Amino acid sequence: MNLEEARRRAEELRDQINYHNYRYYVLDDPVITDEEYDALMRELQEIERKFPELVTPDSPTQRVGAPPAEAFVPVQHRARMMSLDNVFDEEELRAFIRRVENAVGKTDYVCELKIDGAGIALTYENGVFVRGATRGDGITGEDVTANLKTIRSLPLRLLDGRDVAYLEIRGEVFMPKKAFLELNRQREEEGQPPFANPRNAAAGSLRQLDPSITASRQLELICYEIGYVEGKSFRTHEEVLNQIAAWGFKVSEHWRKAKSADEIMDFVREWIARRDELEYEVDGAVIKVNPLEHRERLGATSKAPRWAVAYKFPAEEKITRLIDIQVNVGRTGALTPTAILEPVFVGGSTVSRATLHNEDEIRRKGIKIGDYVLVHKAGDVIPEIIKPIVERRDGTERDFVMPDRCPACGSQVYRPEGEVVARCINVDCPARLFESILHFASRGAMDIEGLGPATIQELMEKGYVKSIEDIYFLKPEQLYTLTGFKEKSVSNLLRAIEKSKTRPLSRLLFGLGIRHVGAHLAEVLARRFRTMDSLAKATREDLLAVDEVGPTIADSVVAFFQEPRNLALIHKLKEAGVNMEEPTEETPRTLEGLTFVLTGGLDSMTREEARQAIEARGGRVSSSVSRKTDFVVVGTDPGSKYQKAKELGVTTIGEEEFLLLLEEGPEALRAGPREA
C-alpha cells in the first residue's frame, strides 16, 4: 500500500468508524458487532503507525492521544454563554409567559429537561472539531479540548457538515448515575474522598490535566443549542434541535413543543414524577421561545435571555433507615445531633448523613433510632429528615437521649434556660478548636486553600496547631511531616496562608466566629468601624447605633472583645501580619440611612446585585414594607409588597428611577419620582 492508497483507505475507515460511533454512542443502535468495530479501528491504527503523516486531529484514534497538560488555556466564546433566570412554581411560570406574550404576542415554546452537569461550548471549523471549552464566566472559559475528545458521543467530525465554515455548539457534559456510584465506590476503596454529586464529578473529570483520567470517568454529552453558526440559518428552535441531531450530536429525546402554560406544566409535572427513570440527574425543565424571530425581539438582560427560563424541580424525597444518631460539637460548643442513614441516592448525590438540628426538633418530629424516615435535600443542598414512617416500626426502635457529657472532651454539657441548644463550655475542647479552624480557613472567611479537615486534624494531632493563630507560624519542616505533603503541596499551603493575611477586616471578623455575627453583619461592622482596634473599643451604645445591630448582637460583640483569650488571639494575628482594616470604599455613600424594599424582577440586574448596590452606597434592604421604608423598588410582576406600599403611602419607584438613584443619589429624584 503506497501513501495515496493509505490516505484513501484511512479516510474510508474514519468515515466508517465515525458512523458506527454515532450509531452506538448517540443512537444506542449499533449495526455491527464489537469485534467488527475493533477490526476497523485496528486497521486504521496500523495505517497511521506506518504513515504517521496521515494522522489527523479528528481521527478516532486520537480521542485519548494528548499528553497531560500543565494548565488550561483561556478561551473566549464567540457568543456569550448566558445564565437562565429561575421560576419555582406555576404562578411564576405564568408570569414569564405573560411577559413574553405581552412583548411578541401569542407564540409557542420548546420544553427540555435541564441536565445537572457542566456546560460546554464545542467549536467546529469546516465540519471538524477544533476546540472545546468550559462555560467559565460566560465570556471566557477554559480549553478542555483533549478531555472532551475522550467522550465517545462527541463527534470529531460532523455528519454532512463540511459546508459549515464555523459552528459553536452548546451542550452539557454529565456523568450517568451508575457511573457516578461506581466512581465513588472506587474512590472510597482507594481512600479518596467521594464526589458530592454527579455534577461535581462531571466538572472535576472535565478539568483533569491528564485526558486519560477523564477517559476513565464514562462521561456523556447532550447538546441543546447553537451558540454561533456560519453557513446555516434557522426559523425555530425545533429546527435547531433537529439539525444538531443530524450533525451527529446526542440530543435529548424528551424535548416537547408547547403552546400554552398549561401544556408546559403538563411537561413539568410529568418529569417531576418520572425523573428517577432517567440515566442522568435533572434539576428542572428549560422553557424556550420556539420562533427565533421572537427571541430577537425579546433580547436579554445583562445576565440572562428574556426568551427562556428554568423551571426548578422541587427537592427529591426518598425513604431510608436511620441507623444511629451521633452528636457533633461545633466551634461555639453547640452539640448537634446528626442522623447516620443507610446510604440513599437523593437529589443528585448519595446521602448517608442528615441534620437533626437539636433534641427538641427530634422530639417534635417523633424520630426514633431505627426508624424508616423520609429524606430530602433542603434547598436541594442539605440532607434533612422530613418525618419517620411510623407504619413501618417493628418495636426495635429506641428513643434518642442527648448526652450530659461532651463526646469530644468529657466536660459537662450546659443548656441555658430558654435555649434549644446544649453546649460544651470547655474552651479547650479539641472538637471546638477543630471546627473553629475549619471555619476560619473556609472560603467565605480567610479562604486558605489546602487547609481542609484532614490536614487540620493531623496538624492538631501532631501538636503543631493548638489555636487559630498557630496557622500563621507553621514551618515548612512541620508541613513536610504531614501525610501526602511534598514540595509542591507545602509550597501551595504556605502561599495560601500568606495570601490570607491580605483579606479585608470583614472576612477576618467572620472567620473569628463571633457569635451572631455572620458574613453580612461582619461587612456591616467592618464598614462602620473600619479597623479591628476601633471595633474592639466600641461600647454597647456605639454598636446599637449601627443599623441592623440589636441588643443580642451588641452584647455578643462586646463580650467577645472583653475575653482575654480573644484579645491575645488578635494580638498574635497582628504579629503575624494579618490585615486588621477594611479597605477604603470608592463608592460614595449616597444612600446612607435609607431603607429599600425590592419587589418584582429587574431587567438590568438580579435582586442580589440590587441589594449589593444599595448596601455599597450605605443603604439598607428590608424584606418587608413598613412606614419606615423610604423606597419600594418595583420591577416586573411585583408581589404583594407593591400593594402594601400603596396602602401605607410609601414611595414606589420603577427600575429607571432606581438606576438614576444609584448613579446620582436621592437628589436625582427631587423633582418627584415617577409612579411605578
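Counting only C-alpha contacts under 8 Å and six or more residues apart, can you give the relative contact order of segment 430-500 as a whole percent? Please report the intermediate quantities before stating the final value.
Numbers: 58 pairs, mean separation 23.8, N = 71.
About 34 percent, as a whole number.
Could you go through segment 491-507 in sequence order and give the Karplus-derived ³J(HN,Hα) for each residue, using 6.51 cos²θ - 1.76 cosθ + 1.60 with θ = phi - 60°, rounded to whole Hz, and x for Gly and Pro?
Residue by residue, segment 491-507 yields 4, 5, 5, 4, 5, 5, 5, 4, 5, 5, 5, 8, 4, x, 4, 4, 5 Hz.
With the dipole of segment 490-605 worked out from charges on the C-beta (+1 for Lys and Arg, -1 for Asp and Glu) around the Cα centre, which of F596, T584, A545 lies farthest toward the positive end?
Of the listed residues, the answer is T584.
Would you mind checking which residues have amide H under 5 Å from I386's amide H? H placed 1.01 Å from N; only 5 or more apart, or other chain.
So I386 has HN proximity to L374, V375, H376.
Under the classification rounded if a/c is under 1.5, otherwise prolate if a/b is larger than b/c and oblate if not, where does segment 86-312 fall, given a ≥ b ≥ c as square roots of the Cα gyration tensor eigenvalues?
Details: a/c = 2.08, a/b = 1.30, b/c = 1.59.
Note, shape of segment 86-312 comes out oblate.
Using amide H atoms built 1.01 Å from N in the peptide plane, name the residues 5+ places from V413, or on other chains, whose amide H lies under 5 Å from its own.
The list, which skips near neighbours in sequence, is R405, C406.
Counting just the Cα atoms, what span does segment 317-414 cover along each of its three principal axes? Round to the nearest Å and put the largest first.
37, 32, 20
For each of I115, I319, I151, count neighbouring Cβ atoms within 10 Å of the residue's Cβ, then give the residues from fewest to most. Working shown, then result.
Values: I115 26, I319 14, I151 23.
The order, fewest Cβ neighbours first, is I319, I151, I115.
Residue farthest toward the positive end of the dipole of the chain, with Cβ of Lys/Arg at +1 and Asp/Glu at -1: which of S640, T140, S212?
Sorting the options by dipole projection puts first S640.
Taking the Cα atoms of segment 23-132, what is the range of coordinates along each of the three principal axes, in descending order and whole Å?
65, 38, 26
Please work out, to two decimal places, the log10 of the ratio I(q)/I(0) at q = 0.12, 0.18, 0.20, 0.21 Å⁻¹ from a Debye calculation in which every Cα of segment 3-62 carries one identical scatterer.
Reported log10 I(q)/I(0), two decimals: -0.28, -0.60, -0.71, -0.77.
Scattering from the C-alpha atoms of the chain alone, worked out with Debye: what is log10 I(q)/I(0) at q = 0.06, 0.08 1/Å?
-0.46, -0.83
Only Lys, Arg, Asp and Glu count, each charged at its Cβ (+1, +1, -1, -1), so figure out the dipole size of the chain about its Cα centre, rounded to 20 debye.
On the way: 94 positive and 112 negative charges, 246 e Å.
Using only the charged Cβ atoms, the result is roughly 1180 debye.
Given the Cα-Cα distance of D533 and I272 and 0.36 nm per residue of separation, how much length would full extension add, in nm? If you can, show how the numbers build up before the last one.
Details: separation 261, 0.36 × 261 = 93.96 nm, distance 5.42 nm.
My answer for the length gained is 88.5 nm.
Would you mind working out the magnitude of the charge dipole of segment 52-146 relative to its Cα centre, with +1 at each Lys and Arg C-beta and -1 at each Asp and Glu C-beta, to the nearest 20 Debye? Walk me through the intermediate numbers first.
Numbers: 10 positive and 16 negative charges, 48 e Å.
Computed charge dipole of segment 52-146: roughly 220 debye.
Counting Lys +1, Arg +1, Asp -1, Glu -1, what net charge surrounds G117 among other residues with beta carbon under 11 Å of its beta carbon? Don't skip to the end; give the middle numbers.
Values: positive: K114, R135, R199; negative: D116, E172, E220, E281, D283.
So the environment of G117 carries a net charge of -2.
Classify segment 98-151 as rounded, prolate or oblate from the Cα gyration tensor: take a ≥ b ≥ c as the square roots of its eigenvalues, call it rounded if a/c is under 1.5, otherwise prolate when a/b beats b/c and oblate if not. Write down the numbers at each step before the final one.
On the way: a/c = 2.56, a/b = 2.30, b/c = 1.11.
The shape class here is prolate.
Hey, what do the phi angles of segment 223-235 turn into as Karplus ³J(HN,Hα) couplings, whole Hz, using 6.51/-1.76/1.60 and θ = phi - 60°, x for Gly and Pro?
Result, ordered by residue: 9, 9, 7, 9, x, 7, 8, 10, x, 9, 9, 9, 9 Hz.
Provide W307, W271 in ascending order of the number of other Cβ atoms located within 10 Å of each residue's Cβ, fewest first.
Numbers: W307 25, W271 21.
Listed from fewest to most nearby Cβ atoms, that is W271, W307.
Over the chain, what is the mean sequence separation of C-alpha contacts under 8 Å (at least six apart), divided by residue count, expressed as relative contact order in percent? It would help to have the intermediate numbers written out before the result.
Details: 1176 pairs, mean separation 58.5, N = 676.
Value for the chain: 9 percent.
Can you give me the orientation-averaged projected area of the convex hull built on the Cα atoms of segment 595-669, in nm²? Mind showing how you got there, number by number?
Numbers: hull surface 17.7 nm².
Result: 4.4 nm².
Pick out, from V346, A203, L535, the residue whose Cα sits farthest towards the positive end of the charge dipole of the chain, with +1 on the Cβ of Lys and Arg and -1 on the Cβ of Asp and Glu.
Selected residue: L535.
Ordered by residue, what ³J(HN,Hα) values in Hz, to whole numbers, does segment 394-406 give under the Karplus form 6.51 cos²θ - 1.76 cosθ + 1.60, where θ = phi - 60° and Gly and Pro are x?
Each residue of segment 394-406 in turn: 10, x, 8, 5, 9, 6, 8, 10, 5, x, 9, 10, 5 Hz.
Excluding C223 itself, calculate the net charge of residues whose Cβ lies under 10 Å from the Cβ of C223, where each Lys or Arg counts +1 and each Asp or Glu counts -1.
Details: positive: R170, K250; negative: E172, E225.
Residues near C223 contribute 0 overall.
Long-range amide H contacts for G127: which residues qualify at under 5 Å (H placed 1.01 Å from N, peptide plane, sequence gap of 5 or more or a different chain)?
Residues meeting the amide H criterion: V164.
Does segment 430-500 come out rounded, prolate or oblate, given a ≥ b ≥ c as the square roots of the eigenvalues of its C-alpha gyration tensor, rounded meaning a/c under 1.5 and, failing that, prolate meaning a/b above b/c?
It comes out oblate by the Cα gyration axes.
Suppose every K and R has +1 on its Cβ and every D and E has -1 on its Cβ; what is the size of the dipole of segment 595-669 about the Cα centre, in Debye to the nearest 20?
Numbers: 9 positive and 13 negative charges, 113 e Å.
It comes to approximately 540 debye.
Dividing the convex hull volume of the alpha carbon atoms of segment 535-596 by its residue count, what do you get in Å³ per residue? Working shown, then result.
Working: hull volume 6.7 nm³, N = 62.
Expressed per residue, the convex hull around the Cα atoms of segment 535-596 is 107 Å³.
Where the eigenvalues come from the Cα gyration tensor of segment 505-576, what are the semi-axes √(5λ) of the equivalent ellipsoid, largest first, in whole Å?
Details: eigenvalues 67, 34, 24 Å².
Each semi-axis is the square root of five times an eigenvalue, giving 18, 13, 11 Å.
Please report the net charge: other residues with Cβ closer than 9 Å to the Cβ of G132, K and R +1, D and E -1.
Details: positive: R131, K149; negative: D143.
With Lys, Arg at +1 and Asp, Glu at -1, the net is +1.
May I have the extent of the alpha carbons of segment 105-209 along their three principal axes, as whole Å values ordered from largest to smallest?
Answer, in whole Å and largest first: 50, 39, 27 Å.
Every read-out reported here was derived from the displayed coordinates using simple, explicitly stated rules and does not represent laboratory data. These numbers were taken from a predicted model, which means no experiment stands behind them. Neighbour counts run over all protein chains shown; Cβ positions are idealised from the backbone, glycine included.
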